[in-house]
Amino acid sequence: MDVRAGDILVMKKKHPCGENKMLVLRSGMDFKLRCVGCGREFMIPRAKAEKNIKNISRED
């Protein structure tokens, strides 16, 4: 799956704040994501993140 920094991921599950959109800050073996709703930043393993992605919106 082609995920790059700057992409907005729409996830299947919501963050505890209620938002399901995450901004990709860094990609590699792990993703560093920022919740669009509350601004919390967290790291998540690539395999777990790719399984949970519903849609990718990219601004070219």
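What the table shows:
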| quantity | calculated |
| --- | --- |
| Close pairs (7 angstrom Cβ cut-off, 6 or more residues apart or separate chains): among the small types (Gly, Ala, Ser) in region 6-18, open to solvent by less than 100 Å² (accessible area, probe 1.4 Å) anywhere | Gly6/Val24; Gly18/Gly37 |
| Every residue from region 1-18 that is within 16 Å of Ser57 (Cα to Cα) and either over 11 Å from the mean Cα position of the chain (by Cα) or of a type in the set (Val, Ile, Thr) (or both) | Met1, Asp2, Val3, Ile8, Val10 |
| Any hit, region 43-59, residues being assigned to a loop (DSSP other than H, G, I, E, B) and open to solvent by less than 90 Å² (accessible area, probe 1.4 Å) | yes |
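The values are calculated or read from the model by the stated rules, or taken from the named source; none is laboratory data. The structure presented is a predicted model; accordingly, all values stated were derived computationally and were not measured. All Cβ positions, even for glycine, are placed from backbone atoms using ideal geometry, and neighbour counts span all protein chains on display. Side chains included, ligands, DNA and RNA excluded: accessible areas come from the protein's heavy atoms. Shrake-Rupley method; radii C 1.70, N 1.55, O 1.52, S 1.80 Å.
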